[in-house]
Amino acid sequence: MYCMKKQDQTTFDIVVIGGGPAGLAFAKAVSGQGLSIAIVEPAPRAVLEKPSYDGREIALTHFSKKTMSELGFFDHITADQVSMIKKAHVVNGDSPYALKFDHREAGEETLGYMVSNQNIRRSSFAAVQGADDITLLDERRVDDLTSDASGARVTLDDGQVLSARLVVGADGRFSQSRRKMGIACDMLEWGRTCLVGVMEHDGAHDDTAYECFHYDRTLAVLPLNNGLVSVVITLPSEEAQDVLDMDPAAFAADIEARFEGRVGAMRLTQKLHAYPLVCNYAKSFYAPRFALLGDAAVGMHPVTAHGYNLGLRGAHTLAQEVIQMARTGGDIGSSLPLRHYNRAHNIICKPIYLGTNTVVKLYTDQRKPAKIARKTLLHLGNVLKPARDMITRQLTESHVA
Amino acid sequence: MSSTQAAKNTTVNDAEIIHFSRDSHQWWDEDGPFAPLHRLNPVRIGYIRDQIEAHFSCSDLHDKSILDVGCGGGLVCEPLSRLGAQMTGADADTQAIDVAKAHSQQGGLDITYLNQPVEDIDAQYDVVLALEIIEHVENPQAFVQECAARVKPGGLLIMSTLNRTVKSFLGGIVAAEYILRWVPQGTHDWKKFIKPSELTRMMRAADLDASDLTGLHYDPISAQFTLRRNTIDVNYLLSASKPLR
């Protein structure tokens, strides 16, 4: 990979705005096809090479794991850095009843995999570094972005103007490129905050992921290796600071009690990270010579763990369209491949986005009808095998090639 | 084109040229009257590329000279030029050639465009293409002869057209022109559609050996075309080689 301080090349086939997981995955996926690719990223190269731990542990579907392997990300991730989710239990309030999923029912070794966001970012960048058709323009922001039938132009904050046949906006939930291209976006502020941290525990987690809906608070406990679990708490934002200020021992005792000691005694290993919950869904995933990718297109609620998986799927879908166009000499930035991507990715994302938000609303609603509804749903889920199978397939994405 | 020119040549049909020139400015509008060709393009370019690479035992199109007869706005010339071929496009429609020239310049592509009927072209090429055009010409046999004459010995002629079947009448005319309104009504005359056996015979009469026949299948659910070896009852592609001597 070329890393330029003084930019001397200004014409690329593709300019990717944002060097996050979605942008890096896309860049790697279209690499090696005779196309020139630039990545514009505000952070310095050193941060991309060694991203710091951000508390986030990502649940990967089978499709994601396969795609990441194909892209070479797993060449930079050790077996020790991957844990498995073999079972999943959904618990409602203080009811002992749980909706249960098991990998054996799905006929798979595991329901899914856990890898830290830090390792995903690090391995994605490491994979891209080996590609000589990808140029990193780090420590640079996009000042202006325009496009027409003949091409797109990206003006950087150092005054350089890049021209490209296709620009990909992978600059996150609050995407500036989305705004500059005039693409409307639904934003949903939950007024809730997600706290994430890693905890030691004395008991066994049995490779089980727990999702506990405790009315105003939800608690997810996800299995990691080496006697660790990832703990994810979502709660009203006004309560977040109080929890962050808690003494670590008191915090651990509180979680242990809420989790009813399922994994034994628990201890916090490092400080918690807080993320305010904002979801978003762009009205369109494309504009002339421009495509939205990752969280810039769809920012998911973390509860169903779809965010990175959908971002990776989008990167894969868009890359396939671009490669097909390039292989047949077509214009990679013309509306046909972008329209195919928009259609295919919307079909995948929209039901998941709306479904997740509906579930979240139902499971955080403290009114009586909602309580009855979710109790019924949990029971139905266990009784109706087709419904459970559908959810399992969706969790693992094992049905898609 | 003037009527004296038209009288001189054997292949150009004046009414057809007038029909197409009405929409010439819209050749590159992916939602315009030529939208089906845009959708078809990746598939047929893939076919052409595969046929050429197999025939010449090469791994890309570099240094291959290709003539596209009836090139329209350059929908086939531009991708093949991007893939490295030395492209020449010819069309009897002056307006289409103007659009093609302007569009290729905008994209920085080096393509030669000729506003000539095929019989007036004074050169031979490694590959001659005549795609979705023979069903619009005046005298198909003469047209095949003229195309074949522009192929270098050892070269390739690739044609595509619509078969004359009940399905092509329903799909190519009733559905495409009247129901889906993909193409303007009157674009095709079913009686001028040509069966693969007829086209093969015309190619043989022009001393060419037909080497491949592949159908194009349209899937209305995914809205995509795919190549299918056994489905030749609507659109099909036929490749033929010219013996070295």
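The values are calculated or read from the model by the stated rules, or taken from the named source; none is laboratory data. Quick caveat: nothing in here was measured; it's all calculated off a predicted structure. Reconstructed Cβ throughout: ideal geometry from the backbone, glycine too, with neighbour counts over all protein chains shown.
Among the candidates A:Glu70, A:Glu57, single out the residue that is modelled with pLDDT of 95 or more, under 22 Å from the mean Cα position of the chain (by Cα), acidic (Asp, Glu) and closer than 25 Å to A:Asn309 by Cβ.
Within the list A:Glu70, A:Glu57, the selection yields A:Glu70.
Examine segment B:122-137 for a residue that is on the phi > 0 side of the Ramachandran plot, within 14 Å of chain A (Cβ to nearest Cβ) and assigned to a loop (DSSP other than H, G, I, E, B), and state whether such a residue exists.
Among the residues of segment B:122-137, not one is on the phi > 0 side of the Ramachandran plot, within 14 Å of chain A (Cβ to nearest Cβ) and assigned to a loop (DSSP other than H, G, I, E, B), which makes the answer no.
Residues checked against (1) crowded, with 18+ Cβ neighbours inside 10 Å; (2) modelled with pLDDT under 90:
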{"position": "A:Glu105", "(1), (2)": "no, yes"}
{"position": "A:Phe125", "(1), (2)": "yes, no"}
{"position": "A:Asp133", "(1), (2)": "yes, no"}
{"position": "A:Val142", "(1), (2)": "yes, no"}
{"position": "A:Thr146", "(1), (2)": "no, no"}
{"position": "A:Gly151", "(1), (2)": "yes, no"}
{"position": "A:Gly159", "(1), (2)": "no, no"}
{"position": "A:Ser163", "(1), (2)": "no, no"}
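Can you tell me which residues in segment B:215-242 are in a strand (DSSP E or B) and more than 23 Å from A:Pro337 (Cβ to Cβ)? Spell out how you get there, then give the answer.
Residues of segment B:215-242 in a strand (DSSP E or B): B:215-219, B:224-228, B:235-241.
B:Gly215, B:Tyr236, B:Leu238, B:Ser239, B:Ala240, B:Ser241 - these are the residues of segment B:215-242 that are in a strand (DSSP E or B) and more than 23 Å from A:Pro337 (Cβ to Cβ).
One line per residue, one yes/no per condition, for (1) out of contact with any helix residue (DSSP H, G or I) (no Cβ under 6 Å at 6 or more places or on another chain); (2) of a type in the set (Ser, Thr, Tyr):
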{"position": "B:Ser21", "(1), (2)": "no, yes"}
{"position": "B:Ala35", "(1), (2)": "yes, no"}
{"position": "B:Glu53", "(1), (2)": "yes, no"}
{"position": "B:Asp60", "(1), (2)": "yes, no"}
{"position": "B:Leu67", "(1), (2)": "yes, no"}
{"position": "B:Cys77", "(1), (2)": "yes, no"}
{"position": "B:Asp91", "(1), (2)": "no, no"}
{"position": "B:Ala100", "(1), (2)": "yes, no"}
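Has segment B:166-178 got any residue that is within 27 Å of B:Ala54 (Cβ to Cβ) and acidic (Asp, Glu)?
Looking through segment B:166-178, none of the residues is within 27 Å of B:Ala54 (Cβ to Cβ) and acidic (Asp, Glu).
Answer yes or no: is there a residue in segment A:289-303 that is at pLDDT 75 or above, within 14 Å of another protein chain (Cβ to nearest Cβ) and surrounded by 16 or more Cβ atoms within 10 Å (Cβ to Cβ).
yes
Within segment B:102-114, how many residues turn out to be under 18 Å from the mean Cα position of the chain (by Cα) and of a type outside the set (S, T, N, Q)?
3
Evaluate the following for B:Ala92: is it more than 10 Å from chain A (Cβ to nearest Cβ) and small (Gly, Ala, Ser)?
Against the criterion (more than 10 Å from chain A (Cβ to nearest Cβ) and small (Gly, Ala, Ser)), B:Ala92 qualifies.
List every residue pair whose Cβ atoms sit under 6 Å apart, with the two residues 6 or more apart in sequence or on different chains, where the first one lies in segment B:30-47 and is more than 9 Å from chain A (Cβ to nearest Cβ) and touching a residue at least 24 places away in the same chain (Cβ under 8 Å) and the second, anywhere, is assigned to a helix (DSSP H, G or I) and not aliphatic (A, V, I, L, M).
Taking only residues 6 or more apart or on different chains, the pairs are B:Pro33/B:Gln26.
I'm told B:Asp50 meets every condition in (1) at pLDDT below 90; (2) of a type in the set (Asp, Glu); (3) under 22 Å from B:Tyr236 (Cα atoms) except one. Can you identify the failing condition by its number?
With (1) at pLDDT below 90; (2) of a type in the set (Asp, Glu); (3) under 22 Å from B:Tyr236 (Cα atoms) applied to B:Asp50, the lone miss is (1).
Here is a list of conditions, (1) modelled with pLDDT of 95 or more; (2) on the phi > 0 side of the Ramachandran plot, and A:Gly227 meets all of them except one; can you say which number that is?
Status for A:Gly227: all satisfied but (1).
Within segment A:201-231, work out how many residues are hydrophobic (A, V, I, L, M, F, W, C) and in contact with a Pro (Cβ under 7 Å, 6 or more places away or on another chain). If you could, list the steps in order and put the result at the bottom.
So the first thing to find is which residues in segment A:201-231 are hydrophobic (A, V, I, L, M, F, W, C), and the list is A:204, A:209, A:212-213, A:219-222, A:224, A:228-229, A:231.
Next, only the ones that are in contact with a Pro (Cβ under 7 Å, 6 or more places away or on another chain) stay: A:209, A:229.
Counting residues in segment A:201-231 that are hydrophobic (A, V, I, L, M, F, W, C) and in contact with a Pro (Cβ under 7 Å, 6 or more places away or on another chain) gives 2.
Return the residues of segment A:314-329 that are buried (at least 23 other Cβ atoms within 10 Å of the Cβ) and away from chain B (no Cβ under 14 Å); say none if nothing qualifies.
Scanning segment A:314-329 gives A:Gly314, A:Ala315, A:Leu318, A:Ala319.
When segment A:18-63 is examined, which residues are found to be among the basic types (Lys, Arg) and in contact with a His (Cβ under 8 Å, 6 or more places away or on another chain)? Give the steps one after another, and end with the answer.
Quick first cut of segment A:18-63, residues among the basic types (Lys, Arg) only: A:28, A:45, A:50, A:56.
Matches in segment A:18-63: A:Arg56 only.
Within segment B:51-69, is even one residue closer than 20 Å to A:Arg327 by Cβ and at the interface with another protein chain (Cβ under 10 Å from one of its Cβ atoms)?
yes
Collect the residues in segment B:66-80 that are in contact with a strand residue (DSSP E or B) (Cβ under 9 Å, 6 or more places away or on another chain) and without any contact (Cβ under 8 Å) to a residue 40 or more places away in the chain, keeping them in residue-number order.
Within segment B:66-80, B:Cys77, B:Glu78, B:Leu80 qualify.
Take A:His345 and decide whether it is modelled with pLDDT of 90 or more and within 14 Å of another protein chain (Cβ to nearest Cβ).
no
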